[in-house]
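Enquirer: Please read through the structure below; I'll follow up with questions.
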Amino acid sequence: MSSKPDKLIPSLYGGLLIATLWAVPGLNLVNCLCCAGVIIGGFLSVLLYQKDIAPDMDQMVLRDCLQLGIYSGIIASVAAVVIQVLVSLAFGNVAIDVMMKLVERMNVDLPTEFYQLIEQAKEEEPNVIGSVLSIFIYVLPNSLFSVLGALIGWNVFKPKA
Amino acid sequence: MLQDSTNRNHLNQREFIKKRHWIVVHFEIDCKPACGRQARRSLALHYNLKMYQYQTLLLYQLSPKMNPMKKELNILIAAVLLWCGFILATPVLASFGGTSGDIADILYRLYGVVCHQFDSRSFHMYDHSFAVCIRCTAIYFGFFGSIIFVRSGVHFKGGRHHWIVGAALPMFIDALFDTVGIFPSSTVSRLITGGIFGFGMAIVLVDSVLDAIRLYSPGKKLTHDISN
């Protein structure tokens, strides 16, 4: 049996998916389904890792899934802040306007607070230092829920005896 | 199921006694959702157990009071209780203001990572919303209720895939219909579908989470491949 596949690439994909669903205007509508974005990211990392395992390699074990979940959560926290800062610096209110147009075109029914948050976001100045510090707040819940997603993945893809 | 790739040989009685605890643990972990006679028999065959050993296994399996995962379950219950407790404590802290209000702000931000926290979709206490929305509250308390059932020895039957789909589908449909505008979701529908999701997910995840806790518990070493 040879060694196991690299965990970094699946974690990176999982983490970037979480970050994209969380930070990109329009796509972050998925967050209306609560923690779905984070769980999906953890699940995706396990799915990709499991696909990387060749027949001559060791089988996936629970520890791999836990590591994948934690890595995805950490990567997601950093990537989300980077995306947020980049989007706000590059586009500012343009991104928010694009998202609003998208929402209007989709004709979806969203609560009034959503529009209030959008207005609030328009008025706020981009705060890079505050965003970077918020990584520390994001890491714990992101990693926790990403691990849960990875554990769902483990239950779905775990090798049969 | 069992991943004992390093030691698939016959276990003599001494080894069995030494490893019995772990076999029972894995038996609990891997076979509980579908702990039929066939699963037990395949486990016994896998370890080439003799009939008296097989019966000992059954005895352990059928006695919830002898559940070797009790300590891990207690840790899990404490963690989930803490998570749910902070959801309720956040509005109370926010109502006090001052330093408590600052702590509440941090908790709102922390929970905000995994919840939209829309005010109109949240329960309120002392004029402040819970740390998470109604649906999330139902999910977490459903999860908590489910592990309490497991702790009290209730065994849920059915495959994990069925539980995942069965638990997620009502909530997904409720959220989708609400977003598209086919059928607006209400507090009751969010509570019920969220509760079902949390309850079902706990059934699917509890064994893996317990195994994960055991994996990282100090002084505990798994003898099987699952610890690698």
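Enquirer: Kindly indicate whether A:Glu125 is modelled with pLDDT under 80 and not in a helix (DSSP H, G or I).
Expert: Yes; evaluated as a whole, the condition is true for this residue.
Enquirer: Suppose we filter the range B:87-128 for residues that are assigned to a loop (DSSP other than H, G, I, E, B) and either among the aromatic types (Phe, Trp, Tyr) or modelled with pLDDT of 90 or more (or both); how many remain?
Expert: 3
Enquirer: Search the range B:57-85 for residues that are farther than 26 Å from B:Cys133 by Cα and pair each with any residue that is modelled with pLDDT of 50 or more and in a loop (DSSP other than H, G, I, E, B) when their beta-carbon atoms are under 6 Å apart and the residues are at least 6 apart or on different chains.
Expert: B:Pro64/B:Gly153
Enquirer: Consider B:Ala131 against the criteria (1) part of a helix (DSSP H, G or I); (2) modelled with pLDDT of 90 or more; (3) under 28 Å from A:Phe136 (Cβ atoms): it satisfies all of them except one. Which criterion is unmet?
Expert: Answer for B:Ala131: the failing condition is (1).
Enquirer: Moving on to the next point. Mind checking which residues of the range A:148-160 are crowded, with 21+ Cβ neighbours inside 10 Å and more than 8 Å from chain B (Cβ to nearest Cβ)?
Expert: Passing the criteria: A:Gly149, A:Ala150, A:Gly153, A:Lys158.
Enquirer: A further question follows. Out of the residues in the range A:59-73 meeting the condition of being hydrophobic (A, V, I, L, M, F, W, C) and outside any helix (DSSP H, G or I), tell me which one is surrounded by the fewest Cβ atoms within 10 Å (Cβ to Cβ).
Expert: Among them, the one singled out is A:Val61.
Enquirer: Please work out which residue is nearest to A:Ala23 (Cα to Cα), limiting yourself to the range B:114-138 and to residues that are β-branched (Val, Ile, Thr) and more than 7 Å from chain A (Cβ to nearest Cβ).
Expert: That would be B:Val132.
Enquirer: Would the range B:131-139 turn up any residue that is within 26 Å of B:Val204 (Cβ to Cβ) and either small (Gly, Ala, Ser) or surrounded by fewer than 20 Cβ atoms within 10 Å (Cβ to Cβ) (or both)?
Expert: Checked against the condition, which is being within 26 Å of B:Val204 (Cβ to Cβ) and either small (Gly, Ala, Ser) or surrounded by fewer than 20 Cβ atoms within 10 Å (Cβ to Cβ) (or both), the range B:131-139 yields at least one hit.
Enquirer: Among the candidates B:Gly200, B:Gly181, which residue alone is under 23 Å from B:Leu81 (Cα atoms) and among the small types (Gly, Ala, Ser)?
Expert: Result: B:Gly200 is the single residue among B:Gly200, B:Gly181 that is under 23 Å from B:Leu81 (Cα atoms) and among the small types (Gly, Ala, Ser).
Enquirer: Name the single residue that is surrounded by the most Cβ atoms within 10 Å (Cβ to Cβ) among those in the range B:164-186 being among the small types (Gly, Ala, Ser) and outside any helix (DSSP H, G or I).
Expert: B:Ser185
The values are calculated or read from the model by the stated rules, or taken from the named source; none is laboratory data. What you see is a predicted model, and the numbers here were worked out from it, not measured in a lab. Note that each Cβ is placed from the backbone with ideal geometry, even for glycine, and that neighbours are counted across all protein chains shown.
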